[in-house]
1. Could you run through region 26-51 and say how many residues are in contact (Cβ under 8 Å) with a residue 12 or more places away in the chain, open to solvent by 40 Å² or more (accessible area, probe 1.4 Å) and either under 21 Å from LEU99 (Cβ atoms) or in a loop (DSSP other than H, G, I, E, B) (or both)?
2. Kindly check whether there is at least one residue in region 145-163 that is modelled with pLDDT under 80 and assigned to a loop (DSSP other than H, G, I, E, B).
3. Which one is modelled with the lowest pLDDT among residues in region 365-377 that are open to solvent by less than 70 Å² (accessible area, probe 1.4 Å) and over 11 Å from TRP223 (Cα atoms)?
4. Please go through region 176-202 and pick out each residue that is of a type in the set (Asp, Glu) and over 19 Å from ALA332 (Cβ atoms).
5. Every residue in region 86-141 that is closer than 12 Å to PHE59 by Cα and polar (S, T, N, Q), please.
6. Which of the residues belonging to region 251-275 are surrounded by 17 or more Cβ atoms within 10 Å (Cβ to Cβ) and either among the polar types (S, T, N, Q) or closer than 28 Å to VAL214 by Cβ (or both)?
7. Looking only at region 118-127, decide whether some residue is farther than 30 Å from SER65 by Cβ and either under 26 Å from the mean Cα position of the chain (by Cα) or of a type in the set (S, T, N, Q) (or both).
8. Go through region 284-302 and report how many residues are assigned to a helix (DSSP H, G or I) and open to solvent by less than 20 Å² (accessible area, probe 1.4 Å).
Amino acid sequence: MGCHQRAETSGLISFLICAVVGAVSMNLYLQFAPAIWQLTQRRFMVCSGIVAACGVISFIIGYASKSRSLNLKHGWLAPIRRMFEIIALSVVYASTIFLSSFALIGVASDMMGKALFSGYLSSVCAAFAGVVGYMTFVQAEMMNAKTIASLLPFFVISGVVTAGMTTDDPYWYHNNFSQLGDRTTFAARMFNSTLILAGTCIIIVSYFAISELVTTERLQRLWHDHTKADPNRGYEISHFMFRIVVLSILLTVAGLAFIGIGVFRYTPHNLLHNICAKGLPFVMLLLFVLLPWLAPRLSKAVMVASDLAALVCAAFWVNMMMGHNTLTNVEALAGLAFLGWFIVFSRQIAAIEADRIAAQLLHAQAIEGGLEQPAAEPEQQIESRIAADR
């Protein structure tokens, strides 16, 4: 079997194991958990936690099994970096699966009725755990920035929708999103936790995006001899490290702003909350406007779309200041615009990664066939650097 067929087969095995583990774990919980933990929402939380645990373990096994750098062949840096990636991706998957599962279970319970749905909870847990185990194991075999970023809107929307459905304040929408999290209820904790996890995921995905941009630029400089005879000598980015540092800072600050909005509720920490909430649009504006300079390898269509997103958000803000709109609508639009931009940005990074891998294959074939001799470094050094990047 080829690698993709083996991944699908392993995914089916993961489906069966996770389904059995989910059913057994949920049955044991329903039988032996104390009465205080038999409340409906706590049952749903435990069910979602079991599903998330199955998905994360399946992902870790799948991701670690395909990695070639979990050894000391290239020193300590490569395995340490790979372990950090596994932990970071596990956080992304755990938060995404937990919030999505909790939202879906809540919707199903409302449709069927709590009394009827409670009898199917073990079966639902088994089904969700099996599906998640299959998906995470297969995705681990083709993991890239595009796959990670595609997960981001799922748990953000799931967390916000769940918080909005379970809140005891029916008028929160008439003010702003901060009011949804400005309480000590379950809905407020769900909303704030969603923002914290969203910011964490933005920082994690940004790390992978920056790593890919650095790897691509490094290979471009390795493959060209920087002389007048090299037709690609002008393709290098000037002041690249300074640009990449600025891009890293802006993306990290955007993620920290999301975290700060969730950590600092408005009522006890109104100053810190306002700094994070009102500072985020300025960070978004800088990212959108400076994108052609920060990441010139991205397509021009992405840069134009970024400018249009900034203009639309500014137009909605002016409309709100004139009294024709609500702050909640503007915040919702800005949040969706940033998430949409971030997904497009990550998909562009994934496209750059795919092109780089294709170029590496062509370059290796050319070297093996004697058609090209690398001028910057010997062949062994280039292959060693590429293997270390993996």
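The values are calculated or read from the model by the stated rules, or taken from the named source; none is laboratory data. Computed from a predicted structure; not experimentally measured. With ideal geometry, Cβ positions are generated from the backbone for all residues, glycine too; neighbour counts draw on all protein chains shown. Quick note on the areas: whole protein, heavy atoms, side chains included, nothing else; ligands and nucleic acids left out. Shrake-Rupley method; radii C 1.70, N 1.55, O 1.52, S 1.80 Å.
1. Number of matching residues: 4.
2. Taking every residue of region 145-163 in turn, none turns out to be modelled with pLDDT under 80 and assigned to a loop (DSSP other than H, G, I, E, B).
3. Checking each candidate, the answer is GLY370.
4. None; the set is empty.
5. SER90, THR136, GLN139
6. Passing the criteria: LEU251, THR252, VAL253, ALA254, GLY255, LEU256, ALA257, PHE258, ILE259, GLY260.
7. Yes, some residue in region 118-127 is farther than 30 Å from SER65 by Cβ and either under 26 Å from the mean Cα position of the chain (by Cα) or of a type in the set (S, T, N, Q) (or both).
8. Count: 6.
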